[in-house]
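Right, one structure below, let's go through it.
The values are calculated or read from the model by the stated rules, or taken from the named source; none is laboratory data. What you see is a predicted model, and the numbers here were worked out from it, not measured in a lab. Backbone-built Cβ (ideal geometry, glycine too); neighbour counts: all protein chains shown.
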Amino acid sequence: MSSPDQIQRVIFENANIRSVLAGLQDSYQQVIERQQYPGVIRNILGEMLAAVSLLSATLKFDGRLMLQAQSENQVKVLMAECSHQRDLRAIARFEGDVPEDADFCALLQGGQLVITIEPDKGKRYQGVVPLEGTTLSQCLEAYFSRSEQLPTQIHLVADEQRAAGFLLQVMPAKGDSEEDWQHFSHLGATLSATELLELDNETLLRRLFHEEECRLYDPEPVQFHCDCSHQRTAEVLKYMTQEELEEILREEGIIEVNCQFCNENYKFDQADIAMLFSGTANIEASDQIH
Ligand SMILES: [Zn+2]
C-alpha cells in the first residue's frame with residue numbers, strides 16, 4: 001500500500017479494465033480495538049473492511065455498501081460497511097472459542113454472505129454471495145462473475161497492523177475483451193500478500209503490469225467513522241412498544257443503548273420515550289375526534 005488509509009482508482013488506458021487499491025491502518029485499528037477479537041476474526045474483519053473499501057470505489061452514487069455474513073456456528077455475525085464519504089465501520093459477534101486456523105467459508109458453513117447497496121436516494125439492492133471456495137475474495141469473485149457478469153479478481157490481506165485490497169475488473173457497459181481480461185488477470189494473479197501489504201501503489205502496478213499504461217486517480221482518504229446518533233438509536237427502540245419501554249423505565253429508571261459499532265452510550269428517559277411515540281399518539285387522538 002502507499003500511504004495507509006486511502007483508496008486509489010486506476011484505469012488501464014488500452015483496455016476496458018479498471019483497478020482499485022485499498023490500504024488500511026488506523027481505520028482498521030480503530031475498528032478492532034473496540035473489542036477483544038480472536039486473531040482469525042480480527043483478520044477477517046480487516047479483509048472485509050478492505051473489501052467494502054474496494055467495492056465502494058466502484059459505485060457512482062451517494063450511499064453505503066455493506067457486507068454482512070451470518071451463520072448458526074460460533075461466528076454469528078460479521079459486518080463491514082463503507083459510505084461514499086469513505087467512512088468505515090465493522091463489527092463481529094461470536095460465541096465461545098473460534099478455531100484459529102479456520103478459513104472464511106468454514107467459519108460461516110451453512111450461513112450466508114449478503115452484499116447490500118443502499119443509495120441515499122432510491123431503492124436498496126441486496127445480493128446473496130455464494131459461500132464458495134475458502135476465502136472472502138473467492139466468494140466475491142464468484143458473485144461478480146455470476147450475478148454481475150463482470151469478470152473480477154480480488155486480493156485481500158490483513159495482518160495485526162494493516163489490511164489491504166486489490167481489485168481488477170472489466171469495466172461495465174464497455175464490453176469486455178476476453179483476450180485483455182485473460183492477459184490482465186493472469187498478471188494480477190501473481191500478486192502476493194506481502195507485495196500487497198508492503199509495496200506502494202505505483203511500484204505494485206509497475207511490477208504486475210509493467211508494459212501497460214495506466215492512469216492513477218488521486219488517492220481518497222478512508223477513515224473509521226460511525227454515524228450513529230441519539231435519534232437513529234431512538235428509531236431502533238421503536239421496534240418495541242411504548243408499554244414495553246415504559247416497563248423497562250419503571251424497572252431500570254433509564255434506558256441505555258450502546259452502539260455496537262463504536263460503543264457510544266445513549267440514554268433515554270421518560271420524556272424521550274413519550275416524545276418518541278407522541279407522533280403516533282397524535283394520530284390516534286385525531287382519529288378519535290373524527
Ligand atoms: Zn456508533
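Please go through the stretch 1-25 and pick out each residue that is within 17 Å of His225 (Cα to Cα) and surrounded by fewer than 21 Cβ atoms within 10 Å (Cβ to Cβ).
The answer is Pro4, Gln25.
Would you confirm, using the coordinates I've provided, whether Ala285 is at pLDDT below 90, among the aliphatic types (A, V, I, L, M) and more than 16 Å from the ligand (Cβ to nearest atom)?
Yes.
Given (1) in contact with a Phe, Trp or Tyr (Cβ under 9 Å, 6 or more places away or on another chain); (2) at pLDDT 95 or above, where does Tyr37 come up short, assuming only one miss?
(2)
From the set of residues in the stretch 211-229 that are more than 14 Å from the ligand (Cβ to nearest atom) and in a loop (DSSP other than H, G, I, E, B), which is modelled with the lowest pLDDT?
Of everything passing the filter in the stretch 211-229, Glu211 is modelled with the lowest pLDDT.
Condition first: surrounded by fewer than 23 Cβ atoms within 10 Å (Cβ to Cβ), over 14 Å from Phe94 (Cβ atoms) and in contact (Cβ under 8 Å) with a residue 24 or more places away in the chain. Now tell me which residues in the stretch 26-46 satisfy that.
If the condition is that a residue be surrounded by fewer than 23 Cβ atoms within 10 Å (Cβ to Cβ), over 14 Å from Phe94 (Cβ atoms) and in contact (Cβ under 8 Å) with a residue 24 or more places away in the chain, then Asp26, Gln29, Gln30, Arg34 are the ones that fit.
Quick one: which strands (runs of 3 or more DSSP E) lie wholly within the stretch 1-87 and hold at least 3 residues that are among the β-branched types (Val, Ile, Thr)?
In the stretch 1-87, the matching strands (runs of 3 or more DSSP E) lie at 6-12.
If we scan the stretch 100-119, do we find a residue that is within 16 Å of the ligand (Cβ to nearest atom) and either assigned by TED's automatic domain parsing to the domain that holds Asp159 or of a type in the set (A, V, I, L, M) (or both)?
no
Kindly establish whether Leu140 is closer than 26 Å to Gly188 by Cα and either outside the structural domain of Gly188 (by TED's automatic domain parsing) or of a type outside the set (Asp, Glu) (or both).
Here the answer is yes, as Leu140 does meet what is asked.
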